[in-house]
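Student: This is the structure, below, for whatever I ask next.
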Amino acid sequence: MSWTADGYVAVVTIFNFQQYRHIQAPGWTLGWKWSKKEVIWSMMGGQTTEQGDCSRFKGNIPHCCKKDPTVVDLLPGTPYNQQIANCCKGGVLNSWVQDPATAGSSFQVSVGQAGTTNKTVRVPKNFTLKAPGPGYTCGPAKIVKPSRFVTADKRRVTQALMTWNVTCTYSQFLAQKTPTCCVSLSSFYNETIVPCPQCACGCQNTSQPGSCVDPKAPHIASVVPSTGKNNYAPLVQCTSHMCPVRVHWHVKQNYKEYWRVKVTITNFNYNMNYTQWNLVVQHPNFDNLTQIFSFNYKSLTPYTAINDTAMLWGVKFYNDLLSQAGQLGNVQSELLFRKDKATFTFEKGWAFPRRIYFNGDNCVMPPPDTYPWLPNGSSHQLISTLSLLTTLLAAMAFLLGYA
């Protein structure tokens, strides 16, 4: 933005362009490595986690002297003289679909010993982004056209002295070796409740006590952290699937022109409150969604003409927080669909979702052959040879008696 006696002042902005993956508390952490012997004299809207060794400086001591600084966002309520625009959200970034206005975060940094012209400044390297754990891989910084800014009266345009971009991409496999959620299914027309697949997110380690929490244990309070403290490492309830989150899809009712579904999200993780959670569901009847209760909804159309994917998230201050495992660790809503006579059917598992994502992570679905089927479905109503033989004998006896 401007030159100083021995460096420059820059504004760093992080944009989350992902449609359905947000960065939740405790927030993002941004790191890089200086190309020369730069130091950070001061910051606004953010701070480094460590100052480093600044013993060679006399008088004015820099904010950070580390070769590889790590920056975090300031918390809400920071004094105004330490803030800049779009800062101080505790590192929380919304997804682009949920709220584009809160999908970005900025901080200002004054860099020293860095050069004072476009030719002497060297861009930092080895950028890292944690949100809050691993998963993101950042490319090299690339010098691009200087950013342009329009004044409030829209009559003048100014521009930065120099701008570079860094693109970071996310991989679920880098973030966690095992899945983080699973799906269970049920319906009004079949008593079968299809649970999450066994060991969907891992298996219970019976040889290592304490690897999961028994909710019926008498001393559960001693192993479960206090409410409101998030820990990236999951501490899950002992279940057959061992997933931190379960999404249950229940086909609830059938009407003449409509049908109703109940969706329940349950948190089995004692170490995490999921703030600003979201759910992405793929089902062909979302093109005729009539009403949704107690969730926000937006259609996602990755294939333009096909409207079969929906994003659901909680209502602010009502159910946008999925509390840690326990009595309050669930949120639920109901969806009302209008039937399309050309495609609607309850047969062959059509009423169940094709795919579900929780907070951007793909959830483990049950095998299709285990879905609840209609009572008269041919796949599950196998007539035994004995039944056929009994019917045949009864018919023959009737005919002989009639003769």
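Student: Just the Cα atoms of the stretch 8-174, one point each, no solvent: what log10 I(q)/I(0) does Debye give at q = 0.08, 0.13, 0.18 Å⁻¹?
Tutor: Per q value, in the given order, log10 I(q)/I(0) is -0.25, -0.68, -1.31.
Student: Next up: How many angstrom lie between the Cα centre of the stretch 278-310 and the Cα centre of the stretch 121-137?
Tutor: Spelled out, the Cα-based centre of one part sits 33 Å from the other.
Student: Under the 0.36 nm per residue contour assumption, what length would be gained going from the current alpha-carbon distance of ALA175 and TRP3 to full extension?
Tutor: Details: separation 172, 0.36 × 172 = 61.92 nm, distance 3.85 nm.
Between ALA175 and TRP3, full extension yields an extra 58.1 nm.
Student: So, one more: Which whole-Hz couplings ³J(HN,Hα) result when phi for each residue of the stretch 189-197 is put into the Karplus expression 6.51 cos²θ - 1.76 cosθ + 1.60, θ = phi - 60°, listed in order with x for Gly and Pro?
Tutor: 9, 8, 6, 5, 9, 8, x, 4, x
Student: While we're on this one: Quickly rank 352-365, 253-266 as a protection proxy: mean count of other C-beta atoms within 10 Å, highest first. If you can, show how the numbers build up before the last one.
Tutor: Numbers: 352-365: 20.1, 253-266: 16.1.
Peptide ranking by packing, descending: 352-365, 253-266.
Student: Using mean Cβ contacts within 10 Å as the protection proxy, how do 330-341, 63-74 order, highest first?
Tutor: Values: 330-341: 17.1, 63-74: 20.1.
Going from most to least packed, we get 63-74, 330-341.
Student: For the chain, how big is Rg over Rh, using alpha carbon atoms and the Kirkwood form of Rh?
Tutor: Working: Rg = 28.2 Å, Rh = 25.1 Å.
Across the chain, the Cα-based Rg/Rh ratio is 1.13.
Student: Here is a follow-up. If GLU50, GLU191 are ordered by their accessible area, calculated over protein heavy atoms with a 1.4 Å probe, which sequence runs from highest to lowest?
Tutor: Details: GLU50 105, GLU191 180 Å².
From most accessible down to least: GLU191, GLU50.
Student: Tell me the per residue accessible area of the stretch 8-174 using a 1.4 Å probe; a whole number in Å² is fine.
Tutor: Numbers: 9330 Å² over 167 residues.
Each residue of the stretch 8-174 exposes 56 Å² on average to a 1.4 Å probe.
Student: Give the list, by residue number, of cysteines in the chain with no other Cys Cβ closer than 4.7 Å, or say none.
Tutor: So, CYS64.
Student: Considering only C-alpha atoms, what is the centroid distance from the stretch 78-107 to the stretch 30-71, in Å?
Tutor: 22
Student: What full-extension length gain, to one decimal in nm, is calculated for THR137 and GLN282 as 0.36 nm per residue of separation minus the Cα-Cα distance? Show your work: numbers first, answer last.
Tutor: Working: separation 145, 0.36 × 145 = 52.20 nm, distance 2.75 nm.
Value of the extension gain: 49.5 nm.
Student: Between the stretch 157-175 and the stretch 327-352, what is the separation of their alpha carbon centroids in Å?
Tutor: 39
Student: Now for a different question. Across 10 Å bins from the origin, how do the percents of Cα pairs in the stretch 43-111 run, short distances first?
Tutor: Bin by bin from 0 Å, the calculated values are 20, 41, 27, 9, 2.
Student: Tell me, what % of the accessible area of the chain is carbon and sulfur with a 1.4 angstrom probe?
Tutor: On the way: 12530 of 22600 Å².
The computed percentage sits at 55.
Student: Here is a further query. Under 8 Å for C-alpha pairs, at least 6 residues apart: give me the relative contact order for the chain, rounded to a whole percent.
Tutor: Relative contact order comes out at 14 percent.
Student: Under the Karplus relation 6.51 cos²θ - 1.76 cosθ + 1.60, θ = phi - 60°, what is the ordered set of whole-Hz ³J(HN,Hα) values for the stretch 122-135, x standing for Gly and Pro?
Tutor: Calculated HN-Hα couplings, in order: 10, 6, x, 9, 6, 5, 9, 9, 10, 8, x, x, x, x Hz.
Student: Under 18 Å between alpha carbons: how many lysine pairs meet that in the stretch 8-174, if sequence neighbours fewer than 8 apart on the same chain are excluded?
Tutor: Lysine pairs meeting the criterion: 22.
The values are calculated or read from the model by the stated rules, or taken from the named source; none is laboratory data. Computed from a prediction, not measured in an experiment: that's the story for all the values here. Neighbour counts run over all protein chains shown; Cβ positions are idealised from the backbone, glycine included. With ligands, DNA and RNA removed, areas are computed over all heavy atoms of the protein, side chains included. Shrake-Rupley method; radii C 1.70, N 1.55, O 1.52, S 1.80 Å.
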